[in-house]
Amino acid sequence: MMIFITLPVIIFGPIAGILVDRWHKKTVMVICDALRTLCALLIPVLFLITRSIYPVFVIVFFMFLLALFFNAARSAIIPNLVSKKRILTANAVVNFVSRGATFLGMLAGGIIVDWKIWHRVFGIAGWTAAFILDAITFAVSAILLYVMKVKLPDMPQKVEHLKPVGFFLLLRGGLSRMWHELVHAVKMIFHEKNLGFAMATIVLMVLAGIIIFILVVPTVQQEMAWGTSGVSYLAAIGAIGLLVGAYLTGIFGHHFDLKISMLVCFILVGASLAMFPFLTNFWLFAIVCFVCGVAISPVFIGQETLIHHYADEFVRGRIFSLRDWILNGLSALGAVVIGILTAIIGKDYLFIFSGVGIAALAMLGWLILARGKSNSISQNHA
């Protein structure tokens with residue numbers, strides 16, 4: 001299942017951004033949610049008809065392919081909905097709502113599936129009811145997006161690579177054209193240092209995420225003997241930290257330098273990872289997980305805000321899809337590398353080395369930014 005969830009991003013990630021930049025972003029979101037409504041309904045129907053999980057894999061693949069286009073369009077359209085000075089707050093609100101909805105969805109999902117009323121009253125299984133309710137949420141989202149008012153700028157007609165074109169026509173036009181458009185986006189990332197900074201932080205974020213998922217979970221489950229329930233409790237505490245971090249960023253984030261705030265958060269995450277081998281009490285684990293959650297939220301919000309501020313209107317979709325593509329690709333590769341290193345140097349040392357490394361790279365970035373600012377001030381005085 002995880003393979004079919006991640007394959008759309010790995011295969012079509014960059015292509016999604018190219019198409020989203022050509023299409024009307026609101027229309028993309030409405031169509032994607034309408035089709036995801038159909039996909040959510042098809043999952044129980046196909047399984048009940050075929051009694052096989054393989055057709056479900058196909059639907060899941062298309063469902064997350066649609067999610068890829070939806071997420072690229074949603075991220076790219078935010079600057080068209082709010083003023084420039086409110087972009088940070090808007091990203092914090094989106095992050096807060098997304099994390100909160102995910103947390104509540106996981107909690108409600110278990111309750112809905114186990115609720116006996118579905119079988120007694122409607123004669124259907126709880127998991128079937130859950131997919132039907134899921135389809136309803138996608139349908140409601142499509143309706144709300146359809147009535148949403150947004151003014152998008154007209155595409156420059158003279159720019160060849162922005163002319164609207166369908167997916168299959170784009171493929172027929174050749175891979176060289178798509179490669180040219182991706183190169184155009186990559187050049188913008190290297191040319192605009194703020195976009196380069198946002199992309200560079202992905203490496204640190206992936207390393208921290210892999211360490212947490214690959215090393216922290218078995219540590220809590222097996223070595224600390226807290227089992228799956230212990231993991232779920234700590235995950236819930238970390239999720240609360242994500243919500244608190246998003247809320248604080250939305251309220252106070254505009255008072256601080258965005259890039260410095262992101263680096264400070266990486267220092268906190270690195271310090272937290274380095275502390276894990278020395279934690280023996282559940283509540284100490286809980287505090288560290290909460291701090292990690294609080295620190296990770298401003299990084300996500302900061303990345304999106306930097307892209308919104310410094311990416312061109314008609315390249316924004318490509319930048320966001322490239323970010324997600326790099327994030328997923330590095331995560332898959334990093335998981336293999338971390339697994340090998342764990343067998344070679346041991347889990348505890350890997351915690352310490354990775355935590356110290358993340359904090360050290362963040363402090364180095366801080367020093368580079370500080371030097372750049374001091375040089376700029378000196379030149380202005382001169």
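Worth a mention:
- Within the range 340-374, the set of residues being of a type in the set (Gly, Ala, Ser) and either surrounded by 15 or more Cβ atoms within 10 Å (Cβ to Cβ) or within 23 Å of the chain's Cα centre (by Cα) (or both) comprises Ser354, Gly355, Gly357, Ala359, Ala362, Gly365.
- Among the residues of the range 130-153, those that are modelled with pLDDT of 90 or more and under 20 Å from Leu107 (Cβ atoms) comprise Phe131, Ile132, Leu133, Asp134, Ala135, Ile136, Thr137, Phe138, Val140, Ser141.
- Checking Lys151 against (1) touching a residue at least 40 places away in the same chain (Cβ under 8 Å); (2) in contact with an Asp or Glu (Cβ under 8 Å, 6 or more places away or on another chain); (3) not hydrophobic (A, V, I, L, M, F, W, C), the condition it does not meet: (2)
- Screening Ile260, Ile251 for residues that are more than 18 Å from the chain's Cα centre (by Cα), in a helix (DSSP H, G or I), of a type in the set (A, V, I, L, M, F, W, C) and closer than 20 Å to Ser98 by Cβ leaves exactly one candidate, Ile251.
- Candidate set from the range 66-85 (those that are basic (Lys, Arg) and at pLDDT below 90); member that is nearest to Glu313 (Cα to Cα): Lys84
- Unmet requirement for Ala271, which otherwise passes all of (1) within 24 Å of Leu215 (Cβ to Cβ); (2) within 21 Å of the chain's Cα centre (by Cα): (2)
- Selection status of Leu322, closer than 13 Å to Ile212 by Cα and crowded, with 18+ Cβ neighbours inside 10 Å: no
- Going through (1) over 27 Å from Leu258 (Cβ atoms); (2) crowded, with 17+ Cβ neighbours inside 10 Å one by one, Ile210 falls short only on (1).
The values are calculated or read from the model by the stated rules, or taken from the named source; none is laboratory data. Here the structure is a predicted model, which means the values were calculated and not measured. Here the Cβ is made from the backbone with ideal geometry for all residues, glycine too, and neighbour counts use every protein chain on show.
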